[in-house]
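The values are calculated or read from the model by the stated rules, or taken from the named source; none is laboratory data. Remember, it's a predicted structure, so these values are computed and weren't measured experimentally. Note: ideal-geometry Cβ built from the backbone for every residue, glycine included; neighbour counts use all protein chains shown. Heads up: the accessible areas ignore ligands, DNA and RNA and are worked out on the full protein's heavy atoms, side chains in. Shrake-Rupley method; radii C 1.70, N 1.55, O 1.52, S 1.80 Å.
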Amino acid sequence: MRKNFVCRFPDGTSRNWRDWRWQLRHRATSLSALARFLERPSGGGEKLRSALSRYPMAITPYYLSLIQPDNDQDPLALQCVPDAREAAFSAGLADDPLREDRSMPVPNLIQRYPDRVLAIVTHRCATYCRHCSRKRFWKTSEDSSLKSRLTAMVRHVSKTPQIREVILSGGDPLMFDDASLELILSAFASIPHVEVLRIGSRAPVVLPMRITGNLCRILKRHRPLWFNTQFNHPSEITPDAARACNRIQEAGIPVSNQSVLLKGVNDSPEVMKSLLNGLQKISVRPYYLFHCEPARGCNHFRTDVRTGLKLMDKLRQSCSGLALPQYVADLPGREGKAPLWPLSRPIRNALRKHQDFFDNFEELD
Ligand code: SF4
């Protein structure tokens, strides 16, 4: 954290800083607010304003404090500060590349496999990641109450005995207060055939103060529960983030990491190695490295697959097997996650029908 950063807020006491609700209330949500903390133009160009009007901004003071203010290529800034290139709503890119909307038996519940469902419990996030493949939701209001959304989802899971695992996602499920989260977890856990719950949340990375003792007690009550988060750069592994992960682990909940391969952020072997080793040091399992999806507003983050394959080859030579994630591409429909590395001929042939998902696919021979 930058020295004395907390003093830049009129009510910035260390007690407030540690309060996740204070962090949410003080998020930077406009370019003029951002210009108070980073050396950025407060107005931006027309394209930037267009991107911002389509994809809003929110950055917690905590995450802002990790950014180098005078470096516009700071890897954390790239992940959260709006970019004019988001306004390049190119043909060939889709709002919903995985066609998740077609896999919803009831609103907000995605079922792409017989035995698992993913519940979009909210559209809100503490910090909006500019590379998010669900950024189409950011401006969509949650048009009904949590209870009515939950009732429809729970009804579907209850009458589908093949479903053994429910993944709470979004948005970020940890945007709810503890009571609401307890309600959601209990509703799914009380279904007899649901054996495992999973939470996908970036809170340990962008809002580690959300991982409170009370939250961990709630999570502990709902084991077996798995926690997946998303560190993308070694600078995100701070003492606060490490403490947050440790608290979850001490509640008996394994923490795994799903990074996204992002141009300019983590597409070099040195940075990725440092990230993976850092995760291993805090006992967070590097699980997936996702090839960045061709979602509208994210194109400037995409690398081609060859970059990812070379990166994995380098990492294999220099990292412990325990620290190596699976490099995968999430594909539409039931095909799910295709392992990209090591790239075998059968996998390459299977990927051919989705070659619009990959830049320079034909160079992979
Ligand atoms: S926390 Fe997850 S859902 Fe929210 S903006 Fe980031 S990647 Fe998207």
message: When you scan the stretch 13-21, do you find a residue that is part of a loop (DSSP other than H, G, I, E, B), open to solvent by 60 Å² or more (accessible area, probe 1.4 Å) and closer than 30 Å to D178 by Cβ, even just one?
response: yes
task: Scan the stretch 315-326 and give yes if some residue there is in contact (Cβ under 8 Å) with a residue 60 or more places away in the chain, under 30 Å from P82 (Cβ atoms) and in contact with a Ser or Thr (Cβ under 9 Å, 6 or more places away or on another chain), otherwise no.
output: yes
message: Kindly evaluate E86 against the criterion of being modelled with pLDDT under 90 and either more than 30 Å from F188 (Cα to Cα) or surrounded by fewer than 18 Cβ atoms within 10 Å (Cβ to Cβ) (or both).
response: no
message: Tally up the residues in the stretch 113-128 that are in a loop (DSSP other than H, G, I, E, B) and within 16 Å of the ligand (Cβ to nearest atom), please.
response: 8
- line: Across the stretch 129-148, the tally of residues that are touching a Pro at 6+ places or on another chain (Cβ under 7 Å) and either away from the ligand (no atom under 16 Å from the Cβ) or open to solvent by 70 Å² or more (accessible area, probe 1.4 Å) (or both) stands at 1
task: Tell me, yes or no, whether the stretch 138-147 has at least one residue that is aromatic (F, W, Y) and either modelled with pLDDT under 95 or in contact with a Gly (Cβ under 6 Å, 6 or more places away or on another chain) (or both).
output: yes
field: Members of the stretch 149-176 found to be more than 8 Å from the ligand (Cβ to nearest atom), open to solvent by less than 10 Å² (accessible area, probe 1.4 Å) and under 20 Å from R27 (Cα atoms), listed by number
entry: P173, L174
Test: residue in the stretch 38-52 that is buried (at least 18 other Cβ atoms within 10 Å of the Cβ) and within 20 Å of H123 (Cα to Cα): yes
